[in-house]
1. Within region 6-22, is there a residue that is assigned by TED's automatic domain parsing to the domain that holds residue 58, surrounded by fewer than 17 Cβ atoms within 10 Å (Cβ to Cβ), at pLDDT 95 or above and more than 22 Å from residue 80 (Cα to Cα)?
2. With surrounded by fewer than 16 Cβ atoms within 10 Å (Cβ to Cβ), closer than 28 Å to residue 68 by Cβ and in contact (Cβ under 8 Å) with a residue 60 or more places away in the chain as the only criterion, which of 225, 207, 197 stands out?
3. I want to confirm something. Restricting to region 166-183 and keeping residues that are in a loop (DSSP other than H, G, I, E, B) and surrounded by 15 or more Cβ atoms within 10 Å (Cβ to Cβ), which single residue is farthest from the chain's Cα centre (by Cα)?
4. Can you pull out every residue in region 43-83 that is part of a strand (DSSP E or B) and either in contact with a helix residue (DSSP H, G or I) (Cβ under 6 Å, 6 or more places away or on another chain) or not assigned by TED's automatic domain parsing to the domain that holds residue 18 (or both)?
5. Mind listing whichever residues of region 193-233 are in contact with a helix residue (DSSP H, G or I) (Cβ under 6 Å, 6 or more places away or on another chain) and either outside any helix (DSSP H, G or I) or outside the structural domain of residue 168 (by TED's automatic domain parsing) (or both)?
6. Only one of (1) in a loop (DSSP other than H, G, I, E, B); (2) in contact (Cβ under 8 Å) with a residue 24 or more places away in the chain fails for residue 156. Which number is that?
């Protein structure tokens, strides 16, 4: 079965096959701990739009992280059934390796910077996410790089900026994390289980924006850990500022 057909049928419509011999050195340098020389291709997959969620509802794994568990099972099944006799190595999702997913996504043309702070795709907009990355000795046909420009360049109104209640976004500067997180963790926050700025983005919204249940699932995963981290960070900064103000 064609690799694009296989992963697409399991909810991952974005598939990039990269010839490791052509991978730029600035990316290979970021993967110095990965045994790239032993393999020929790097395969990157992502879900886009609403394609993944119905598959998960049917095949919901009993796991602390069902999305990662499902993604690994899809990847391993492909390797076992379609790359027989070839060696493969899972790079993501796993704790064994740190790989530059965002930079790889930029390299293959899936991702462009956006005011919201996450990558934006020419078709799917802000509604896509990396699901697997693996190496293989199989000489799969490399895919062409998507050379389309960022959709933000042709977006005149930029409703994401005005939709952010924390005023944390700017067209020409990175997202201001402190105002964003302060608003998100506030009592009865409008952003506790969703990002209003992300939902306001018109790129791919009608065709690909996640259903509310999927949005809430992703945004509530790890929310308490994020809240604890942010509050500790603020407390540490406050203590540092107080210490700086004390006379020696």
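The values are calculated or read from the model by the stated rules, or taken from the named source; none is laboratory data. This structure is a prediction, so every number in the text was calculated from the model and none was measured. Neighbour counts run over all protein chains shown; Cβ positions are idealised from the backbone, glycine included.
1. yes
2. Of the residues listed, the single one that is surrounded by fewer than 16 Cβ atoms within 10 Å (Cβ to Cβ), closer than 28 Å to residue 68 by Cβ and in contact (Cβ under 8 Å) with a residue 60 or more places away in the chain is 207.
3. Checked region 166-183; the qualifying residue farthest from the chain's Cα centre (by Cα) is 166.
4. Across region 43-83, the qualifying residues are 44, 45.
5. 193, 194, 201, 203
6. (2)
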